[in-house]
Each structure stands twice: as C-alpha cells, then as structure tokens.
Amino acid sequence: MKNPGILRRAQNDGMDLVQSFPERREMRGGRTRLRGYRAAGQAAMLILWISYGCGDAAMDLMAARERMVLDQLERRGISDRRVLEAMRAVARDRFLAPEFAAHAYDDAPLPIGSAQTISQPYMVALICEVAALAGSERVLEIGTGSGYQTAVLARLCARVYSVETIAGLHQRARAILARQNIANVELRLDDGSAGWPDQGPFDAIVVTAAMPGIPRPLPDQLAPTGRLVAPIGEDELQTLVRIGRRAGAWQEDYFGECRFVKMTGKHGFRD
Ligand code: SAH
C-alpha cells in the first residue's frame, strides 16, 4: 500500500468527551464561584432547551453522529478536517427509511431498497479524503444511491454531478436532497459506467459501485490534475484505487480492501 497514512489508526484512543467548566476549576473567591455556578446553570438550561427543541430521538441521533465521527473516522485515521466537518454536518438518518434511522450511525452499510445500500460512513469519509477536495472542484459521482455521499461531497466541492441508473433511487435522492436545500448538485438518471462526457472534464470522479476495471472513458473525463477514486476488483471484494496523472504519467495508489454493490451497465459486471 503506497499511502498507509490514510488507514493509520489515530493515536487518540481514550479521548475524553466530557469537558469541565474552567470557572469551576479556578474558583477562589465567592464572586468567581458564583460566576462559575451561573455559567453551569446557563449551560444546563441550554442543554435542556436544545433537547426540548429537538426531541429525545433527534438528540440521540446527534450524539450518535458525533460518536461515529470520533470512533469510526478519527480513530481509524481520517484526518482531513473538512471531511470530518462534512461528516459531522450531514445527517445520515435522513437518507434512510424510518425503520433504519435508529441504526444510521452504525459502522455498516444499510439497505435503501432496490437491492442497493447506503455506504458505511467510514467508506464515504475515506473516498472523500482520498479525492483530496479543497472546495473549488467539479466532481462526478457514479452511483447516487441514497444521495448521502452526494450530500457530503456537496459540502466539500463547488458542484457535484451524480448519475444513478435506478429510477426509484434517483427520484428518492432528488427529493431528499431538495428537502435539505442542497443546491450545488446535478442529478441524472442513466447508465453512468461511461461517466457523464457532456459535463466533463471533472477535477475528481468518485465511483460508489464496484467495477471490474477502469473503463477508458472515465480517465478521459478527468482534468489534467484530476483524480479518479473507485472500488476495483471482483464482484465480492475490491480494492479502493485512486488514479491520477503525476508529471504527465498515470499513477495508481491503493487504499485497502472494500466491498461495494456491483456496477451494472456497459462497463459494469455482466450477470
Ligand atoms: N454512495 C451511495 C452508495 C450507493 S450504492 C450512498 O451512500 O447511498 C451504489 C449505487 O450505484 C446504487 O444505487 C446502484 O444502483 C448504482 N449503480 C450501479 N450501477 C450503476 C451505473 N451503471 N450507473 C449509475 N449508477 C449505478
């Protein structure tokens, strides 16, 4: 593996989430003690107000999301601050049917209908980190699925172009993204295995379904400094691969094994 840094486990095991009030720690005279208690009281009121406003279930999901970022992403070595921020901001539960919402921050893919899955949070974060987005990019995503990764990408780049081949999922993702006022996204219903040539070149292409190989039309749609991130391999197990040009020559980097649903269509798997 050429870039073990991405998969390196972070050294922050045992990080403490509980913060003490600094005023309480430093209290000396009566005035300081009073101020400390007042601050604690105000914080407690704020928590009560937030929990009342959001409801218990929403608070549980928010806490679970925060834990997911810490336990599944940071501890496994995701370190791009923008990616961590985007994963903190996008509510995965909103991309799931109500019966799965309570599991939204589990360390696993989950069903979204039509025999497809929403990706595991770590995989979404890893793909985004490997794509190395700074904010100004145009990104092609192949395999919209639930729209979750689309929403995360939308926070990390200028515009996302996302193709999905299943009509029901395409429409569902469109509705969910619109409900959240995510506007820098173009969705298309089509076989995306040959990309979206009319909209290229792209600064990054991310593929969220397994491909047997990298079809020629995809690198052709990359900008000169563009990169393509895709799960490549067998139908049951793939390697996350990034390709891009360095000093004019194509280079490949590998980011470990992964398991995605199969890409269909012209350049996908034949059943
Ligand atoms: N990142 C998505 C994962 C979607 S699963 C999420 O988080 O929800 C992969 C998706 O790729 C499925 O929705 C599947 O229908 C879609 N797909 C498979 N073959 C495709 C093709 N040829 N063109 C476009 N989408 C395709």
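Just so it is clear, none of the values below were taken in a lab; they were calculated from the coordinates. On a predicted model such as this, the values are computed, not experimentally measured, just so you know. Please note: Cβ atoms are built from the backbone with ideal geometry, for glycine as well, and neighbour counts cover all protein chains shown.
The table for this structure:
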| quantity | calculated |
| --- | --- |
| Rg(Cα)/(2.2 N^0.38 Å) for the range 81-219, N = residue count | 0.97 |
| Highest-first arrangement of 174-184, 146-156, 229-239, where packing means the average Cβ count within 10 Å | 146-156, 229-239, 174-184 |
| Highest to lowest packing among 127-134, 219-226, scored as the average C-beta count within 10 Å | 127-134, 219-226 |
| Packing-based exposure ordering (other Cβ within 10 Å, fewest first) of HIS103, HIS170 | HIS103, HIS170 |
| Extension reserve of the ARG67-ALA134 stretch, reckoned as 0.36 nm per residue once the Cα distance is removed | 21.6 nm |
| Nearest-0.05 FRET efficiency for GLU99 and ALA40, computed from C-beta distance (R0 41 Å) | 0.55 |
